[in-house]
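Working notes for the structure below.
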Amino acid sequence: LDGAKRAMVAEITDLQIYPCDSEIEALILEAQLIKKYNPRYNILLKDDKSYAYLAWTKEDFPRLFVAHQTYIDTHKDHIHYLGPFINSDALRQTLRILRKIFPYRSCKTMPTRPCIYYRLNRCPAPCVGLIEKVEYKRNLDHIISFMKGNKQQVISQLKRQMNTYAQYQQFERAAEVRDQIQSLETVALHKGVIKTTRAKKSSYMQELQSVLNLDKLPKRIEGYD
C-alpha cells in the first residue's frame, strides 16, 4: 500500500456490509452514500470528469441524459440532477434498461417528426403530441424515484395505476402497466444485470471471431448503407 492508502486504513474503526440484489441497486446505493458522507479519501470526486449525474431539463417534456460535473456547473438554472454516480458506464447501462420500461426523450432539440427512438419504443414522441404531458412526467418520475432507490414505491404506484385502469375497464392500458411492473421487478431482482449483458456481448464477439476466422477478438463493428 502507498502512504495515502496506509493512512486511510489506519483510520478505519468499523466496517459495514450492505447486501444488494443487483448491480443496479449497488450503483444507486453507492451514489446515496457518497452524497451523504462525502468521503474524504474518494479521490475520484476530486476530478470533475470522473463521475456522472443523472440530469433532466426543465421543460414541458424533459430530456433525460447523463451529465458530468463541468456541465452541471454551467447549466444549473436549466436542469435538475441526481448523483453523483462513480461508474458512468453502469449509469448509462441502467438507463438503457429503464428506457425500455419507461420511454423518454433524449434529443437536445425536439424534431418535427418521430425519430428512430420512437420506432424502437424508446421514446413516446412528445414532438408530435403522441403522449400527454402528465403521462410523460409520470414516466420520468418513476425513473427518478427508482434511481433514488425507491423501487418498491414505484412498483406500488404502478400496481395502483393498473388496478385503476382495470376498474374502468381500460384493459389494454392495464396490460401495459402490468408489463412495466414485471419488467421493473426483473430489473430490481436480477443479479448481475450489467455483468450478464457484458458477458453476452463478449460471447457474441467470440462467436464472430470464430466465424470470420480472425486472429484477435473484434473490438468494433461498423455498418454502412
For the chain, whose charge dipole is built from +1 on Lys and Arg Cβ atoms and -1 on Asp and Glu Cβ atoms, the candidate among V134, Q152, L54 with its Cα farthest towards the positive end is V134
Highest to lowest packing among 140-152, 118-130, scored as the average C-beta count within 10 Å
140-152, 118-130
Angle between the chain longest axis and helix 171-189 axis [Cα atoms, degrees, rounded to 10]:
10 degrees
Restricting to Cα pairs under 8 Å and 6 or more apart, the percent relative contact order of the chain works out to 19 percent
With the chain treated as a Gaussian network of Cα nodes joined by springs under 10 Å, which of Q180, Q170, Q209 yields the largest mean-square fluctuation?
Q209
Against the longest alpha carbon principal axis of the chain, how many degrees, from 0 to 90 and to the nearest 10, is the axis of helix 151-167 turned?
10 degrees
Could you pull out the pairs from K76/K137; K35/K159; K100/K137 whose alpha carbons sit more than 22 Å apart here?
K35/K159
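How would E135, E25 rank on accessible area, largest to smallest, probe 1.4 Å?
If we order E135, E25 from most to least accessible, we get E135, E25.
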Please compute the per residue accessible area over the range 93-133 with all protein chains in place, 1.4 Å probe, rounded to a whole number of Å².
62 Å²
Using θ = phi - 60° and the Karplus curve 6.51 cos²θ - 1.76 cosθ + 1.60, what whole-Hz ³J(HN,Hα) does each residue of the range 58-71 get, with Gly and Pro shown as x?
9, 10, 4, 10, x, 8, 10, 7, 9, 10, 9, 4, 4, 5
Relative to the first principal axis of the alpha-carbon coordinates of the chain, what is the inclination of helix 133-147, with its axis defined by its Cα atoms, in degrees from 0 to 90 and to the nearest 10?
20 degrees
Helix-derived mean residue ellipticity, 222 nm - over the chain, DSSP H n ≥ 4, -39500 (n - 2.57), to 500
-17000 deg cm²/dmol
If I compute solvent accessible area with a 1.4 Å probe over the protein chains, what percent of it on the chain is carbon and sulfur?
50 percent
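The values are calculated or read from the model by the stated rules, or taken from the named source; none is laboratory data. Being a predicted model, the structure only gives us computed values, none of them experimental. No Cβ is skipped: glycine too gets one built from the backbone with ideal geometry, and neighbour counts run over all protein chains shown. We work out accessible area using only protein heavy atoms, side chains counted, and drop any ligands, DNA or RNA first. Shrake-Rupley method; radii C 1.70, N 1.55, O 1.52, S 1.80 Å.
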